[in-house]
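Bear in mind that the values in this text are calculations on the coordinates, not laboratory data. Fair warning: this is a prediction, and the values are worked out from it, not measured in the lab. Cβ atoms come from the backbone with ideal geometry, glycine included; neighbour counts cover every protein chain shown.
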Amino acid sequence: MIILGLDPSLSCTGWGVIRVEGSRISHIANGQVKTDAKAPLPDRLVHLDTVLAAVIADHAPACAAVEEVFVNDNPQSTLKLAHARGVALLACARAGLTVGEYAPRLVKKAVVGTGAAAKEQVQAMLRILLPGAKVTGADAADALAVAICHANHRPKA
């Protein structure tokens with residue numbers, strides 16, 4: 001089964017694709033979708049949607065997982081994150097993918113064993129779980145972690 005993990009953000013959305021065969025997890029691809037902070041919001045959202053649609057078309061995942069919104073101290077930041085998350089959910093739904101949604105603490109716990117893990121700990125575990133994977137940045141690492149979380153928590157057929 002191929003799983004797409006997404007770590008949505010308006011400035012840089014991370015994506016990661018893994019293959020799950022039994023209890024084995026392997027890396028397929030990962031990347032980041034950056035948007036121009038000077039561009040109007042609708043243009044940034046269209047760009048995000050276009051790239052995510054291409055990722056889905058290229059890798060044909062069976063399902064997807066998206067990190068849930070966490071509330072920032074700045075309400076505007078939370079709203080921007082919610083816009084990007086909505087686009088990510090829409091791109092997956094448009095492709096007919098079922099989507100799992102996971103809190104950041106659960107994602108960290110699934111990969112590291114503790115929900116209070118630092119980003120560096122998550123990235124270190126990814127190097128162990130996905131040996132040889134070249135991760136394109138912190139947001140892509142987070143997206144791979146979301147995909148692994150889904151692999152561990154998805155409903156089993």
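Net charge near Ala57, counting Lys/Arg +1 and Asp/Glu -1 over other residues with Cβ under 14 Å of its Cβ?
Numbers: positive: Arg94; negative: Asp49, Asp58.
Net local charge, Ala57 excluded: -1.
Relative to the dominant Cα principal axis of the chain, helix 138-153 is inclined by about 50°.
For Kirkwood radius over Cα pairs in Å, pick the label among (1) 19.4; (2) 18.0; (3) 15.4 that corresponds to the value derived from the coordinates. Only one option fits the structure, namely (3).
A cut-off of 5 Å between modelled amide H atoms, ignoring neighbours fewer than 5 places along the same chain, links Ala29 with Val17. Ranked by the mean number of other Cβ atoms within 10 Å per residue, highest first, peptides 59-68, 93-102 order as 59-68, 93-102. Across the range 39-56, coupling constants 3J(HN,Hα) worked out from phi with the 6.51/-1.76/1.60 Karplus curve, θ = phi - 60°, read 7, x, 3, x, 5, 5, 5, 5, 4, 4, 4, 4, 5, 5, 4, 5, 4, 5 Hz, and Gly and Pro carry x. Highest mobility in the GNM of the chain, judged by mean-square fluctuation with C-alpha springs under 10 Å and restricted to Val87, Val17, Val51, is found for Val51. Computed from the Cα positions only, the extents of the range 46-131 along the three principal axes stand at 36, 33, 20 Å, in decreasing order.
Computed from backbone phi, the HN-Hα couplings of the range 6-13 come to 10, 10, x, 6, 5, 7, 7, 8 Hz, rounded to whole numbers (Karplus: 6.51 cos²θ - 1.76 cosθ + 1.60, θ = phi - 60°; Gly and Pro given as x).
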